[in-house]
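All remarks here apply to the structure that follows.
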Amino acid sequence: MAQPGISICIPAYDMGGKGADYLAASFDRLELQSFRDFEIVVSDQSDTGAVAQVCARYGKGMNIRRVDFTDGPRQSSANANNAMRHASGRILKILFQDDFLARNDALDRIVRGFDRDDARWLLCGSGISRDGETVENPMVPRLNDQLRFGRNTVSSPSVLALRAEVGLHFDESLIWLMDVEFYDRCAQQLGAPVIVPEILVANRLHEGQVSAAVTKSLRRAELRHVWRKTRGRAGWRDLRAYAYQVLKAL
């Protein structure tokens, strides 16, 4: 079987009983994509069979591979990494199960962004959706020096794509900072990303989001972890940004 042009890597779980519905809504958008050379890899940490049923139903028309990961660490970073490890495409596209592609040419725009020989990772524009249909608050991703400490000017991991060959994965010690630490590490190791400014991804807002359950103690612990990992290249501005975020988490 030929290598797919792009793998859509989806970490999935029950999500308070809504996970399968959100996943089905995302699959509906994927079915409409103008670019067809893709596979979908779902890393499933559900305790019910709802996600598996959705994958089976939509698998009749799309190339969907569901990987059971109920024995793995119950957190987004580990679940996303598992989907990436099982992907076979030349490009890996992260897409959280409650988010969805906002345009029918989204995958085509992402794949074309990698036409440059030096393109190793890519970030696209995004917006938020409260109803699963309309998209508002457009955001064009940009990097900043304090990104790894929680100043997120990029958006969720669903705006991310990278060449499979780079071999980078999320830090599984992190929950709150898993995305920004990864963006910062990509910038350090891969250079500047390709930026596609158009809104290609919609981040769904709902009560069950992981960010809503992040405690101040978790924030402090993750900030310490990131500081230890990166303090070798830190200057006084980084120390100030780190201290500011720690004070906010007291």
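The values are calculated or read from the model by the stated rules, or taken from the named source; none is laboratory data. Please read all numbers here as calculations on a predicted model, not as lab measurements. Backbone-built Cβ (ideal geometry, glycine too); neighbour counts: all protein chains shown.
General observations
- Residue within the stretch 235-242 that is touching a residue at least 24 places away in the same chain (Cβ under 8 Å) and under 16 Å from the mean Cα position of the chain (by Cα) present: no
- Criterion violated by A52 - all others in (1) outside any helix (DSSP H, G or I); (2) modelled with pLDDT of 95 or more; (3) more than 26 Å from I128 (Cα to Cα) satisfied: (1)
- For the stretch 66-97, a tally of residues being of a type in the set (D, E, K, R) and modelled with pLDDT under 95 returns 2.
- Screening the stretch 56-66 for residues that are in a loop (DSSP other than H, G, I, E, B) and in contact (Cβ under 8 Å) with a residue 12 or more places away in the chain and picking the one that is farthest from H86 (Cα to Cα) gives G61.
- Taking first residues from the stretch 105-133 that are more than 15 Å from C186 (Cβ to Cβ) and partners that are among the basic types (K, R), the Cβ contacts under 7 Å between residues at least 6 apart in sequence or on separate chains come to I110/K93; S129/R204; G132/R204.
- You will find that of Q45, Q53, the residue that is free of Cβ contacts under 8 Å to residues at least 40 places away in the same chain and surrounded by 16 or more Cβ atoms within 10 Å (Cβ to Cβ) is Q45 and no other.
- Being farther than 25 Å from L162 by Cβ and at pLDDT 95 or above holds for only one residue in R185, R237, R220, and it is R220.
- Tally, over the stretch 67-79, of residues that are outside any loop (DSSP other than H, G, I, E, B), over 9 Å from F170 (Cβ atoms) and touching a residue at least 40 places away in the same chain (Cβ under 8 Å): 1
- Residue within the stretch 218-228 that is touching a Ser or Thr at 6+ places or on another chain (Cβ under 7 Å) and charged (D, E, K, R) present: no
- Residues of the stretch 129-188 that turn out to be touching a His at 6+ places or on another chain (Cβ under 9 Å) and of a type in the set (F, W, Y), as a count: 1
- In the set (1) surrounded by fewer than 16 Cβ atoms within 10 Å (Cβ to Cβ); (2) farther than 19 Å from S126 by Cβ; (3) in contact (Cβ under 8 Å) with a residue 12 or more places away in the chain; (4) not aliphatic (A, V, I, L, M), the condition left unmet by D21 is number (3).
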